[in-house]
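Working notes for the structure below.
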Amino acid sequence: MGSIKHKETTMLLIQNETTEFVKEKLSSFCKKTSEGLSKPKQKFIKDMLMGLCGTGSPSVHNIAKFIQDNVSTKSSSERLYRNLRDDDYVEHIGKTLLQLAKPYITDETIFIVDESDIEKPYAKKMEGLQKIYNGSEGKSTNGYLLINIVAYTPNKDSYMLLPVFSRLIAPNMEYDSAKQIMQDAIIDMELAFNGKGTYVFDRGFDDRKLIEFLSNNGIQFVIRGKGDRAVKEGFEEINFNKIVNEMEFKYELPGLKANEVFHCATRRINVRTDDHPSKKSNTVEISLVVSRIFRKGFKTRNDFYLLCDFASQDMLDLELVAKAIAVYKKRWAIEEVHRQMKQSMKWETMRLGSYQGMKNLNAFMALALFFIYVSKKYLAKFAVGFPKIINYKKEDLSIPKEFIYYRIAEVISVCINFIIQYKRKLSLAERIDQHQMKIRLR
């Protein structure tokens, strides 16, 4: 009995140390992100980050309850709403994210660009609402566009995943189009990161104007092609399928599954950048990579097209094919990020009448997500303090392979709920360790 109590006391001390560690790191993070702002705005940023990480929800009312600072929840809510209507935070947080991410960006970094959405099917009074298309359900509904860029940096044992840009957009409320906002963000990233990294896009970004923008600015990229464009040869435009059929598929690369092989081919092509075809239309030269998937010797599915351009013009064809496919494979990470945003952090429950407030709240969510993701550096410490949440074997602590960010977010939330900075008394439900309440049925 004494041994059990000793172990419980030891674990409690370790958890307290971990909690203090998280508190110190979050406080330091808040100071960095609010540097140069007035004290009221610094306090607001700290309250928002504390509330978002602690509650795992963008509900301003819940954040106000969580950060009670000797005033009523109503007064705290009004203060938060008032600050969220300020137009200073989107640009400030955008610049801050770039500076925070800069030490983690290398030449091997992959910037995953994707367009998502915030659905608000039942909202009527939220400013800037418009029809958006939900591809997964195949229907249109009310909501906002969401452009996200996530940096994927491989390292020796694993990888670091960091959000570097997130913008909520109501196109009818903006002077610039969503594409222009995205391109401006990419230019800012190129300047901040000294041209490091490669950008990867899905099929929805197979657009001649985007290809022209990337090529003319010397930006490395991989775009999954739709396979429906013409290729310009001299003064003529050649059918895309004719070009592909003439390519020699002489390179083999391992597939994603067992007994799967990629047969690949590549060549340089000219893509017309003018809207209308003509003999004198402008073009840019890029590489086309075509991949055919064979399983157990038989071809499966349709051809897979990648449009790409890399800084080195001296790459061997096999190197270019291997790099293009390897870069595009990393796109899985953005899907997992979106899933966590919408499920774990309840991103779609954002609800404010003001469009500016929605943009600011989205920026704060991205900032909170950055803190959660960068905390992967401390995974071994979290695993010692909260092994039931992290659930890793001892030998795996230094080389986690799976998408661990859900568990990191949970550990941080638990730690912040223990912090007594605001002298807040936990409710009975909050004091119960949910991981002790699991019942195994036999």
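The values are calculated or read from the model by the stated rules, or taken from the named source; none is laboratory data. Just so it is clear, the structure is predicted and the values come from calculations on it, not from any experiment. Backbone-built Cβ (ideal geometry, glycine too); neighbour counts: all protein chains shown. Keep in mind that these areas ignore ligands, DNA and RNA; they rest on the heavy atoms of the full protein, side chains included. Shrake-Rupley method; radii C 1.70, N 1.55, O 1.52, S 1.80 Å.
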(message) For the condition at pLDDT 90 or above and either hydroxyl-bearing (Ser, Thr, Tyr) or surrounded by fewer than 20 Cβ atoms within 10 Å (Cβ to Cβ) (or both), what is the one hit in 5, 65, 39, 74?
(response) 39
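This table checks each residue for (1) surrounded by 14 or more Cβ atoms within 10 Å (Cβ to Cβ); (2) of a type in the set (Ser, Thr, Tyr); (3) farther than 27 Å from residue 411 by Cβ; (4) out of contact with any strand residue (DSSP E or B) (no Cβ under 6 Å at 6 or more places or on another chain).
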residue: 17; (1), (2), (3), (4): no, no, no, yes
residue: 28; (1), (2), (3), (4): no, yes, no, yes
residue: 56; (1), (2), (3), (4): yes, no, no, yes
residue: 78; (1), (2), (3), (4): yes, no, yes, yes
(request) Determine if the range 186-196 includes at least one residue that is surrounded by fewer than 18 Cβ atoms within 10 Å (Cβ to Cβ), assigned to a strand (DSSP E or B) and out of contact with any Phe, Trp or Tyr (no Cβ under 8 Å at 6 or more places or on another chain). (result) no
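Okay, residues lined up against (1) of a type in the set (A, V, I, L, M, F, W, C); (2) in a strand (DSSP E or B); (3) in contact (Cβ under 8 Å) with a residue 40 or more places away in the chain; (4) open to solvent by less than 10 Å² (accessible area, probe 1.4 Å):
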{"residue": "144", "(1), (2), (3), (4)": "no, yes, yes, yes"}
{"residue": "150", "(1), (2), (3), (4)": "yes, yes, yes, yes"}
{"residue": "167", "(1), (2), (3), (4)": "no, yes, yes, no"}
{"residue": "199", "(1), (2), (3), (4)": "no, yes, yes, yes"}
{"residue": "215", "(1), (2), (3), (4)": "no, no, yes, no"}
{"residue": "226", "(1), (2), (3), (4)": "no, no, yes, no"}
(message) Just to be sure before I move on: is residue 351 basic (Lys, Arg), in a loop (DSSP other than H, G, I, E, B), surrounded by 13 or more Cβ atoms within 10 Å (Cβ to Cβ) and within 30 Å of the chain's Cα centre (by Cα) in the structure I sent?
(response) yes
(request) Please work out which one of (1) in contact with an Asp or Glu (Cβ under 9 Å, 6 or more places away or on another chain); (2) touching a residue at least 60 places away in the same chain (Cβ under 8 Å); (3) open to solvent by 20 Å² or more (accessible area, probe 1.4 Å) is the condition residue 322 fails and give its number. (result) (1)
(message) Please verify whether residue 97 is in contact (Cβ under 8 Å) with a residue 12 or more places away in the chain, open to solvent by less than 20 Å² (accessible area, probe 1.4 Å) and outside any strand (DSSP E or B), treating the condition exactly as stated.
(response) yes
(request) Report, ordered by the first and then the second residue, all pairs with beta carbons closer than 9 Å, sequence separation of six or more or different chains, a first member in the range 67-84 that is over 20 Å from residue 358 (Cα atoms), and a second member that is at pLDDT below 85 and of a type outside the set (Lys, Arg). (result) 67/421; 67/422; 68/422; 69/422; 70/422
(message) Go through the range 253-267 and report how many residues are exposed (fewer than 13 other Cβ atoms within 10 Å of the Cβ) and either outside any strand (DSSP E or B) or more than 31 Å from the chain's Cα centre (by Cα) (or both).
(response) 4
(request) Tell me, yes or no, whether the range 67-75 has at least one residue that is outside any helix (DSSP H, G or I), touching a helix residue (DSSP H, G or I) at 6+ places or on another chain (Cβ under 9 Å) and of a type in the set (Asp, Glu). (result) yes
(message) Out of 290, 337, 327, I need the residue that is touching a residue at least 24 places away in the same chain (Cβ under 8 Å) and touching a Ser or Thr at 6+ places or on another chain (Cβ under 6 Å). Which one?
(response) 327
(request) Could you check, for the range 105-120, whether at least one of its residues is among the aliphatic types (A, V, I, L, M) and outside any strand (DSSP E or B)? (result) yes
